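Below is one structure; the comments refer to it alone.
Derivation of every value follows stated rules applied to the coordinates shown; laboratory data play no part. Just so we're clear, the structure is a prediction, and the values are computed from it rather than from any experiment. Here the Cβ is made from the backbone with ideal geometry for all residues, glycine too, and neighbour counts use every protein chain on show.
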Amino acid sequence: MAAPHVNTVAAEHDPAIDTAMAQLFGPDGRSDPYRAAKVLRDAGPIHQTPIGHHVLTRYEDCAAVLSTTAWSHAEEAGMMHPTVKPEDAAEELPTSFLWMEPPDHTRLRNLVTKGFTPRMVTRLRPRIEELCEQLVDKALEAGEFDLVEMIAYPLPLIIACELIGVPKEAYGQVHQWSSDLARGFDHDYTLPEESLKARSAASRGFMGYFRELLNERRVNPADDLLSALSQVEDRGDVLTEQELLATCITTFVAGHETTANLVGTGMLRLLRAPDQIQALRERPELTASAPDELLRLEPSVQITTRAATRPIDVAGHHFEKGEGVVVLINSANHDERVFPDPDRTDVARYSDPMNPAKKHLGFSLGIHYCLGAPLALLEMEILLDVVLRKVRNLELLSENPPFKPNVVIRGLESLQVRFTPA
């Protein structure tokens with residue numbers, strides 16, 4: 001990647017902006033990154049960090065970058081993970097099509113898309129309903145419990161494992177690897193040495209594990225995504241083993257970790273807004289659109305990066321080809337220029353098809369729009385349906401639940417709650 005272009009936007013010296021930057025990109029701001037984001041957004045549409053990255057704060061600029069191929073996602077490794085040598089990137093950061101551009105992005109994404117068609121997602125509804133019933137029943141038996149441990153993680157973990165083809169006895173191990181990889185998406189310079197080592201171990205562990213599973217599926221195929229991918233070469237597609245393995249890992253982590261964070265932070269938002277729980281009870285049809293509002297408020301992926309594929313201007317700044325930019329999804333989703341009363345939870349915000357709210361950036365835009373978005377929204381929708389039907393009172397037991405230190409993929413460490421059966 002080209003060196004940052006620093007002539008037209010000077011590095012910040014305003015103490016308020018310096019403080020906001022530190023909060024936004026540091027672990028101390030995990031519980032509420034949106035206050036710091038607002039400081040930056042109010043101060044201007046673009047800022048420069050002390051290490052030279054340009055940061056976009058407002059919706060229109062962020063959306064413009066995400067929605068066009070004039071900006072590439074293929075350089076994220078260079079921007080965020082400078083400690084990884086290019087020759088080791090495939091083993092250390094197995095992200096498959098996530099950090100690719102056409103034609104390779106198109107080729108690999110199309111292979112995985114077959115597992116996430118509307119018909120395939122609809123087929124999963126009965127299983128998701130069954131699982132949500134089981135998880136909520138267990139939570140009700142406990143009365144007081146950690147919602148992250150008992151619901152937010154098991155729900156997408158089990159669905160992702162069943163969809164991909166990971167056997168039950170491996171659930172604990174792949175969950176740990178997934179968490180370590182998610183932590184490792186933060187900038188290398190912000191990660192402690194143990195997190196970098198855990199990311200490397202998780203990447204290599206995943207690679208070895210999925211290599212064994214894929215070899216097994218070639219011999220004994222089943223009705224799962226692993227089997228479909230293992231047979232790709234037989235259909236004439238060109239897919240290297242490295243691409244196969246990275247695609248499996250990317251699909252699993254993206255389908256598990258981010259959805260778990262949506263469930264956890266989404267439920268926290270509702271527990272802090274009892275009037276919105278009542279609105280869902282009075283209008284149950286809102287459970288279909290409420291997950292979009294919860295993800296707008298609490299995007300699981302808080303920031304992303306892009307690099308210019310040609311000379312281009314955005315937010316009044318000129319970027320040369322190869323220069324990178326950081327897109328603040330967390331700031332764009334709370335931009336008052338686009339979302340009225342942006343910090344208020346409003347489960348009806350996305351409910352009117354004739355007057356829809358602006359599309360949030362929680363699933364990105366353009367060719368990198370989240371492949372698993374329909375599945376994540378369906379899981380949250382069904383969970384809300386089950387909770388509203390089975391639970392009379394939902395009580396938050398800790399006003400300030402702990403968040404994981406992750407900056408990029410943000411989520412709760414735990415969420416202590418009390419459910420009273422209906």
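For region 360-366, backbone phi angles converted through the Karplus equation (6.51, -1.76, 1.60; θ = phi - 60°) give residue-by-residue couplings of 6, 9, x, 10, 6, 9, x Hz, Gly and Pro being listed as x.
Can you give the extra length, in nm with one decimal, that the chain gains between Glu395 and Asp18 once fully stretched, where that is 0.36 nm per residue apart less the Cα-Cα distance?
Details: separation 377, 0.36 × 377 = 135.72 nm, distance 3.71 nm.
That works out to 132.0 nm of additional length.
The relative contact order of the chain, computed from alpha carbon pairs under 8 Å that lie at least 6 residues apart in sequence, is 27 percent. Residue order for Tyr59, Tyr189, fewest other beta carbons within 10 angstrom first, comes to Tyr189, Tyr59. Legend: residue pairs Lys38/Lys404; Lys38/Lys359; Lys321/Lys359, Cα-Cα distance threshold 26 Å; pairs beyond threshold, Lys321/Lys359.
Mean projection of the Cα convex hull over all viewing directions, computed for region 37-147: 12.4 nm². Shown here are the Rg and Dmax of the Cα trace of the chain, at 21.1, 62 Å. For region 139-149, 3J(HN,Hα) computed residue by residue from phi via the Karplus equation (6.51, -1.76, 1.60; θ = phi - 60°) reads 5, 5, 4, 6, x, 9, 6, 8, 5, 5, 6 Hz, glycine and proline entered as x. Measuring between their Cα centroids, region 45-85 and region 322-374 lie 17 Å from each other. Computed as a quarter of the hull surface, the mean projected area of the alpha carbon convex hull for region 111-252 stands at 10.5 nm².
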